[in-house]
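Report on the following structure.
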Amino acid sequence: MPAFKKNGILVYFAAFKDHIGFFPTSSGVSAFARELESYDTAKGTIWFPLDEPIPVNLIRKIVKFRAQENLDKKNKS
């Protein structure tokens with residue numbers, strides 16, 4: 001599964017028959033729970049339906065959040 005990395009894994013993603021699976025870890029899902037209410041989610045997964053526009057701005061915010069989490073974790077080490 002493809003992933004973006006910076007100081008560790010930021011997010012994974014994958015294409016499925018009816019949706020794009022976006023995997024920002026459980027912290028990425030819980031931190032944006034209110035903004036993700038209109039999407040199906042699980043512990044560390046968000047499903048973006050293929051018949052709807054991809055929420056690029058929301059994805060950008062989640063990736064920036066994960067990048068900061070990884071940087072904070074690195075700085076604590």
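The values are calculated or read from the model by the stated rules, or taken from the named source; none is laboratory data. None of these values were measured; they are calculated from a predicted model. Cβ: placed from backbone, ideal geometry, glycine included. Neighbour counts: every protein chain shown. We work out accessible area using only protein heavy atoms, side chains counted, and drop any ligands, DNA or RNA first. Shrake-Rupley method; radii C 1.70, N 1.55, O 1.52, S 1.80 Å.
Details
- Scope segment 16-49; condition more than 17 Å from PRO2 (Cβ to Cβ) and either assigned to a loop (DSSP other than H, G, I, E, B) or in contact (Cβ under 8 Å) with a residue 40 or more places away in the chain (or both); matching residues: LYS17, ASP18, SER27, PHE32, ALA33, ARG34, GLU35, LEU36, GLU37, SER38, TYR39, LYS43
- Qualifying residue in segment 50-57 (condition: part of a strand (DSSP E or B) and open to solvent by 40 Å² or more (accessible area, probe 1.4 Å)): no
- Picking from residues in segment 14-36 that are over 8 Å from the mean Cα position of the chain (by Cα) and among the hydrophobic types (A, V, I, L, M, F, W, C), the one that is surrounded by the most Cβ atoms within 10 Å (Cβ to Cβ) is LEU36.
- Taken as a whole, the structure places LYS43 among residues that are basic (Lys, Arg) and in contact with a helix residue (DSSP H, G or I) (Cβ under 6 Å, 6 or more places away or on another chain).
- Yes/no for ARG66 being open to solvent by 100 Å² or more (accessible area, probe 1.4 Å) and in a helix (DSSP H, G or I): no
- Scanning segment 3-13 for residues that are surrounded by 15 or more Cβ atoms within 10 Å (Cβ to Cβ) and either touching a Cys at 6+ places or on another chain (Cβ under 6 Å) or in a strand (DSSP E or B) (or both) turns up LEU10, VAL11, TYR12, PHE13.
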